[in-house]
Amino acid sequence: MTEQQLPSWADPSVSPADLDPQGVSRRQLLRRAGLFGAAFALGPTAVPAAASEQRYGGDDPYLAYLVGDHHIHTVYSHDAKYTFSQLATAGARYGLDWMVFNEHSNFGHANLGAQMEHEEILKARAENPRQLIFQGLEWYIPAAEHCTVFAAPGPHEVDLLTRFELAYDGKLLGYDKGGAADADTARNEAHAVKAIQWLAEQRRNGYVDDVLVLANHPLRLGIDSPHEMRNWRDAAPEIMVGMEGAPGAQGAAIPGWRGTTSIRGEYENKPSAQSWAGYPADAYLTYGGFDWATATVGGLWDAMLAEGKLFSVTTNSDAHRVVFDTWKNGDWPAGQNFDNTGKLPDPVNTDTPQPGSDFWPGQFSRTHVGVTRYGYRAVMAGLRAGRVWLDHGHLLDGLEVRLKREYDHGRGVTLGGRLRVRKGEKLALDVTVTTTSRPNAQGILPELAHVDVIRGAVRGPVTDRDTWRAPDTKVVRSKDVSGREGTYTLRIPLTAGDESFYVRLRGSDGNRNAAGYLGASVDPHGPIPHAPGDGDPWADTWFYSNPIFVDVAGA
């Protein structure tokens, strides 16, 4: 695959006068990281793990953050609406650097649609090499929900996806989600693990350069049990790297739009016979637009991190039908359907708003991935390394996080990394925020109100793989940053205790918060559910970061 052209904001030949305010802001961040121009085009994709381990305390590279969305559906999905071109254009308009088109599995897709879409993607890559476009699949996990599966561009990327779809997709195999009387749940769960292991083998043997898996909307139906999520992660942690911290469909509960029972993310489900019985009823809601597993301090995400294993969170559009959009599905010609064509008819503009819950890619939800150069494998390496933060409503222009020993003048480690320290050692967490430089798509100039530091003890593998609690995780510091503008750095002191731990960050516009799900002593002002049918997403925006782990010597 030919290397990609630099995006405009990273290209020295593009005048600053030709950039929009967001582009100017991103160029400033890139210059600060020392990655402008040729340095971004030719730099290494990652620092080898061994290099970090040789330095006591680590020494991560400078990073630039590429913005993307790994969950987008086109007419090559049986339940979507838009053409590939419409969505790729929208992603570019809203500032995305990378996008994954992950169509729903279906025999029509596997036999016909995947190859047709691949031809569109190849053409788009050639015509616009500044845009990173991945092809993927939304996998129906045997015994569970959905995952995004995507590969690096190469001669076998579409063949990998269709072979995987036909051999391992729960819907195509008839392997039920679990819990139904006729479902062989143990067999189905085992098949999901085999699927992830098969993908890892294709990477190891060089059939594809790279492949990644991310769990989608994990608590939407409550059928992704904690032990299943741990099993997927442990089957191939270099492949199964995380989950959606916040689902798409963030426009589902705009007041007066979809109905009085609507919830952001379309999390409008109650426990069913297929749901894992250990989840409380409150798990089937979103909190500040985020999945309960992520939004609950001391909850499921923290319980997985407390094992000392990285598991990333992301956010995305899950674009099917955009709120207030006027396009409708086209009509089928006689004798045609999805199974015998592999795609839906192109949409038709009605000039009248049509039903929908989603935003365009990049319009509201953004996943930021830290890289040292521009390209497909760099994005995938950044996701695997956990160099990830995410925001809603374009709450921030930039976030840089570094943890180091108190008097260390080096770079320390960043998101997804590990810092080795001694018991009792004083540490400094440097959080550099770049505030939003222009109004978002709703015409609002977002303002960050607070930054929260969340800390949890690392206790190693759990005995009960269905536990969803991390009882030693809580908010340990909250910084009021209301009214601050531009780029500023918060220096937050930490002390290493007797045991290893991790820290992660969170913040919001301050419009809606209260005691967290596990109480004020754990989370004094966390995200909360909205009233059904009254969830304006633009009025309740948050950012989250991945963790940094601290390994205490002798712990």
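The values are calculated or read from the model by the stated rules, or taken from the named source; none is laboratory data. Note that the structure is a prediction, hence the values are computed from the model and not measured. Using ideal geometry, Cβ is built from the backbone for each residue, glycine included, and neighbour counts are taken over all protein chains shown. These accessible areas exclude ligands, DNA and RNA; they are computed on the full protein's heavy atoms, side chains included. Shrake-Rupley method; radii C 1.70, N 1.55, O 1.52, S 1.80 Å.
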If you go through LEU6, LEU87, LEU35, LEU30, the only one that is at pLDDT 90 or above, within 25 Å of VAL431 (Cβ to Cβ), of a type outside the set (S, T, N, Q) and surrounded by 18 or more Cβ atoms within 10 Å (Cβ to Cβ) is LEU35
Got a number for residues in segment 490-521 being in contact (Cβ under 8 Å) with a residue 60 or more places away in the chain, surrounded by 16 or more Cβ atoms within 10 Å (Cβ to Cβ), within 27 Å of the chain's Cα centre (by Cα) and farther than 15 Å from THR294 by Cβ? 8
Test set (1) buried (at least 23 other Cβ atoms within 10 Å of the Cβ); (2) assigned to a loop (DSSP other than H, G, I, E, B); (3) hydroxyl-bearing (Ser, Thr, Tyr) - THR314 fails condition number: (2)
Long-range neighbours under 8 Å by Cβ, at least six apart or interchain, first residue more than 28 Å from ILE548 (Cα to Cα) and open to solvent by less than 20 Å² (accessible area, probe 1.4 Å) within segment 419-448, second at pLDDT 95 or above and not in a loop (DSSP other than H, G, I, E, B): ASN440/TRP538
Just name the residue that is farthest from THR89 (Cα to Cα) out of those in segment 130-153 that are part of a loop (DSSP other than H, G, I, E, B) and open to solvent by less than 30 Å² (accessible area, probe 1.4 Å). ALA143
Looking at (1) under 27 Å from the mean Cα position of the chain (by Cα); (2) farther than 30 Å from PRO547 by Cβ, which is the one condition that is false for ASN337? (1)
What are the residue pairs meeting all of these: first residue in segment 1-21, first residue farther than 13 Å from PHE36 by Cα, second residue among the hydrophobic types (A, V, I, L, M, F, W, C) and at pLDDT 95 or above, Cβ atoms under 8 Å, and 6 or more apart or on different chains? MET1/ALA152; GLN4/LEU132
In segment 339-394, how many are of a type in the set (A, V, I, L, M, F, W, C), open to solvent by less than 20 Å² (accessible area, probe 1.4 Å) and under 18 Å from ASN102 (Cα atoms)? 5
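Please tell me if VAL193 is free of Cβ contacts under 8 Å to residues at least 60 places away in the same chain and in a loop (DSSP other than H, G, I, E, B). Spell out how you get there, then give the answer.
Working: free of Cβ contacts under 8 Å to residues at least 60 places away in the same chain: yes; in a loop (DSSP other than H, G, I, E, B): no.
Spelling it out, it is not the case that VAL193 is free of Cβ contacts under 8 Å to residues at least 60 places away in the same chain and in a loop (DSSP other than H, G, I, E, B).
Take LEU199 and tell me if it is aliphatic (A, V, I, L, M), under 19 Å from LEU160 (Cβ atoms) and outside any helix (DSSP H, G or I).
Working: aliphatic (A, V, I, L, M): yes; under 19 Å from LEU160 (Cβ atoms): yes; outside any helix (DSSP H, G or I): no.
So LEU199 fails the test.
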Enumerate the pairs (first residue in segment 318-331 and closer than 20 Å to ASN102 by Cβ and open to solvent by 70 Å² or more (accessible area, probe 1.4 Å); second residue anywhere and assigned to a loop (DSSP other than H, G, I, E, B) and not aromatic (Phe, Trp, Tyr)) with beta-carbon separation below 7 Å, excluding pairs fewer than 6 apart on the same chain, so at least 6 apart or on different chains. ARG321/LYS81; ARG321/GLN354; ARG321/PRO355; ARG321/GLY356; ARG321/SER357
Enumerate the pairs (first residue in segment 381-398 and at positive phi; second residue anywhere and surrounded by 23 or more Cβ atoms within 10 Å (Cβ to Cβ) and of a type in the set (Asp, Glu)) with beta-carbon separation below 8 Å, excluding pairs fewer than 6 apart on the same chain, so at least 6 apart or on different chains. GLY393/ASP509
Enumerate the pairs (first residue in segment 540-552 and closer than 16 Å to ASP291 by Cβ; second residue anywhere and open to solvent by 10 Å² or more (accessible area, probe 1.4 Å) and of a type in the set (Lys, Arg)) with beta-carbon separation below 6 Å, excluding pairs fewer than 6 apart on the same chain, so at least 6 apart or on different chains. ASP540/ARG512
Just to be sure I understand the filter: pairs with C-beta atoms under 6 Å, separated by 6 or more residues or on different chains, first member in segment 243-256 and open to solvent by less than 10 Å² (accessible area, probe 1.4 Å), second member small (Gly, Ala, Ser) and not in a loop (DSSP other than H, G, I, E, B). Which pairs pass? MET243/ALA215; PRO247/GLY265; ALA249/GLY265
Would you tally the residues in segment 460-478 being out of contact with any Gly (no Cβ under 7 Å at 6 or more places or on another chain), open to solvent by 60 Å² or more (accessible area, probe 1.4 Å), in a loop (DSSP other than H, G, I, E, B) and not acidic (Asp, Glu)? 3
How many of the residues in segment 90-129 are of a type in the set (Phe, Trp, Tyr), in a helix (DSSP H, G or I) and free of Cβ contacts under 8 Å to residues at least 40 places away in the same chain? 0
